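Quick notes on the structure that follows.
Just so it is clear, none of the values below were taken in a lab; they were calculated from the coordinates. Note that the coordinates shown come from a computational prediction; the quantities given were computed from them, not determined experimentally. FYI the Cβ positions are ideal-geometry reconstructions off the backbone, even for glycines, and counts take in every protein chain you see.
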Amino acid sequence: MDEYGNTGEGRATRRDEAVRAAVEQGLLGPDSPIVGLLDVTGIRESAAELRAAFAEVTAPGTPVLHAFAVKATPLVPVLRLLREEGIGAEVASPGELALARAAGLSPAETVLDSPAKTPAELREALALGIAVNADNPQELDRIDGLVRSAVSRSPLGIRVNPQVGGGSIGATSTATATSKFGVALRDEGAREWVVRAYLDRPWLSRLHAHTGSQGIPLSLMTQGVAETYALAEEINRRIGRPQIDTIDIGGGLPVNFASDVTAPTYAEYARALREAVPGLFDGRYGLVTEFGRSLLAKHGTIVARVEYAKSAGGRAVAVTHAGVQVATRTVYVPGSWPLRITAYDGKGRPKSGPEVVQDVAGPACFAGDLLAEGRALPLLDQGDYAAALDTGAYYFAHHYAYNSLARPGIYGFVPDRAGGARFATVRDPQTLASIVAESGGAHAGALTTLHAPGSR
């Protein structure tokens with residue numbers, strides 16, 4: 001149980017009701033064998049918990065922008081819902097910016113971070129007044145030219161890498177010695193270059209770092225923020241005035257994938273930061289956060305029909321419609337990204353009975369396409385459903401088109417008064433016509449018209 005009294009029981013109950021209702025209402029069945037479900041109530045609760053956690057530790061009147069990392073769940077209705085709950089957007093590509101704008105996010109609610117911003121991206125952001133964090137000296141040179149050529153209202157800063165180390169998942173650690181993100185502060189001459197950049201540019205007013213990610217302990221995240229704060233203090237001291245007025249601490253709060261309990265919580269992190277870096281919250285600095293996975297992961301579920309139940313080598317195998325196309329990280333790196341699986345019967349009710357060690361396989365044509373291997377569950381039979389939990393971020397909205405498998409429909413839900421659920425379409429299921437179009441269907445004969453000189 002966390003400090004909000006949240007054991008995850010309410011979330012689990014809502015999920016069970018939604019799976020049953022999805023079957024009863026025909027969202028799930030033989031002709032629609034996979035869906036993504038989003039718990040709207042849970043998303044609203046997480047947004048409220050985030051706001052409350054930082055409101056508790058910041059001085060009254062401190063400007064705070066919580067910007068959702070769009071990469072975690074790039075769906076326009078999700079961004080619109082979060083905007084309604086007081087959450088902005090952190091974008092890292094022209095596509096993500098387009099999604100945020102389609103959801104109604106204003107420039108003041110948007111932050112642009114990316115290690116590979118093009119001149120066109122920077123020009124657009126500065127024209128709109130979107131906050132930009134420069135990733136490296138060459139990018140700052142580009143911004144110099146744009147600032148000289150046109151007036152911009154964009155808050156501008158530099159992203160630094162405090163190089164405090166990585167966590168248990170190397171591929172997602174952002175503050176290692178050789179990370180591709182930001183200016184590496186411990187490299188020779190780098191810290192002084194950053195200070196000089198601010199001394200030379202009175203319009204640089206923000207400092208940004210992002211240490212957190214899945215597998216990163218709170219202590220390391222806190223250390224990264226503390227070092228970023230210390231640098232801001234040093235820069236302002238050397239300039240002789242509070243030029244840096246906002247610190248962007250990034251996001252990356254890890255998610256507990258072992259149960260329905262939320263751990264760690266936003267409140268725990270905010271309190272740890274206040275204890276370690278009290279000056280960050282005394283009102284002298286505005287604050288920006290960029291949480292993604294922690295806002296959405298626990299509020300999403302992938303539910304897939306068991307098409308066939310078989311056995312191989314004495315082990316039961318449930319062949320479902322959810323695999324690498326919706327759970328790419330889990331399939332390819334299961335040790336780092338394991339998912340909980342829940343069994344439901346053909347009517348969408350939680351399945352009981354003795355647990356049997358079995359594999360839960362996906363539909364893709366390679367042997368490693370497994371949602372779970374050797375997992376003890378009530379035996380899944382043909383026509384049952386397997387649900388992959390905690391998949392609201394970096395899963396069903398990040399489709400991997402192996403075997404040209406269609407993107408599943410995604411539906412948000414809230415409980416109804418009859419113990420079921422009401423649904424709203426977030427994304428329609430992909431059609432076969434769309435798959436053909438995305439695969440060059442309009443240019444079917446293009447290659448047949450090309451001939452090397454003298455070949456005919």
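Observations on the model:
- Global geometry of the range 345-442, whether rounded, prolate or oblate, following the gyration tensor of its Cα atoms and the 1.5 cut on a/c: oblate
- Within the range 297-331: backbone nitrogen closer than 17 Å to the residue 25 label point (7 Å, Cα to C-beta): 300-304
- Maximal additional length on extending the residue 13-residue 310 stretch stands at 103.9 nm, based on 0.36 nm per residue less the C-alpha distance.
- Farthest towards the positive end of the charge dipole of the chain, among the residues 98, 64, 27, is the Cα of 98, using unit charges on the Cβ of Lys, Arg, Asp and Glu.
- Taken about its Cα centre, the chain carries a charge dipole of roughly 600 debye when the Cβ of each Lys and Arg holds +1 and the Cβ of each Asp and Glu holds -1.
- Model label points for residue 401 and residue 230, set 7 angstrom from Cα along the Cα-to-Cβ axis, are 4.8 nm apart.
- Each residue of the range 382-391 is assigned a 3J(HN,Hα), and the resulting list reads 4, x, 6, 10, 10, 10, 9, 8, 6, 10 Hz, derived from the Karplus form 6.51 cos²θ - 1.76 cosθ + 1.60 (θ = phi - 60°), x at Gly and Pro.
- Among beta bridges that DSSP assigns inside the chain, antiparallel share in %, nearest 5: 50 percent
- Projected label distance in nm at residue 349 and residue 258, using a 7 Å step from Cα toward the beta-carbon: 3.2 nm
- Taken as Cα centroids, the range 22-87 and the range 340-411 sit 23 Å apart, rounded to the nearest whole angstrom.
- Less than 5 angstrom separates the built amide H of residue 351 from those of 343, 344, 345, all sequence-distant by 5 or more or on a different chain.
- The length gained on full extension between residue 436 and residue 138, counted as 0.36 nm times the residue separation minus their Cα-Cα distance, comes to 103.3 nm.
- In this structure, residue 443 and residue 32 have a Cβ-Cβ separation that, at R0 = 35 Å, corresponds to a calculated FRET efficiency of about 0.70.
- By definition, a body whose alpha carbon gyration tensor gives a ≥ b ≥ c is oblate when a/c is 1.5 or more and a/b is not larger than b/c, and the range 1-95 fits this oblate description.
- Amide H contacts for residue 321 (H built 1.01 Å from N in the peptide plane; partners 5 or more residues away or on another chain; cut-off under 5 Å): 305, 307.
- For 19, 324, order by how many other beta-carbon atoms lie within 10 Å, fewest first: 324, 19
- When the helices of the chain are scored as -39500 (n - 2.57) per DSSP H run of n ≥ 4 and the total is divided over every residue, the value at 222 nm lands at -9000 deg cm²/dmol.
- Where both bridge residues fall in the range 298-436, DSSP classifies roughly 85% of the beta bridges as antiparallel.
- Farthest towards the positive end of the charge dipole of the range 298-436, among the residues 377, 300, 354, is the Cα of 300, using unit charges on the Cβ of Lys, Arg, Asp and Glu.
- For the range 298-436, with +1 on Lys and Arg beta carbons and -1 on Asp and Glu, the positive-most of 410, 424, 367 along the dipole: 424
- log10 of Debye I(q)/I(0), alpha-carbon scatterers only, for the range 310-390 at 0.11, 0.27 Å⁻¹: -0.25, -1.45
- Straight-line reach from residue 351: taking Cα to Cα under 20 Å and skipping same-chain neighbours fewer than 8 places apart, the aspartates and glutamates in range are 9, 16, 17, 24, 260, 307, 359, 373, 381, 384, 390.
- Loop sites in the range 382-428: trypsin sites (Lys or Arg not before Pro), DSSP, at most 15 other Cβ within 10 Å: 417
- Counted without the sites themselves, the longest stretch of the chain free of GluC sites (Glu not before Pro) in a DSSP loop having at most 15 other beta carbon atoms within 10 Å is 189-456.
- Residue 111 long-range amide H proximity, modeled H, under 5 Å: 89, 90, 91
- Membrane-span-like helices in the chain, defined here as complete DSSP H runs extending at least 30 Å along the helix axis by their C-alpha atoms with mean Kyte-Doolittle hydropathy no lower than -1.0, are 218-239; this is a sequence and geometry rule, not a statement about a membrane.
- The length gained on full extension between residue 64 and residue 116, counted as 0.36 nm times the residue separation minus their Cα-Cα distance, comes to 16.1 nm.
- Modelled FRET efficiency - R0 30 Å, residue 51 with residue 417, Cβ distances, 0.05 increments: 0.60
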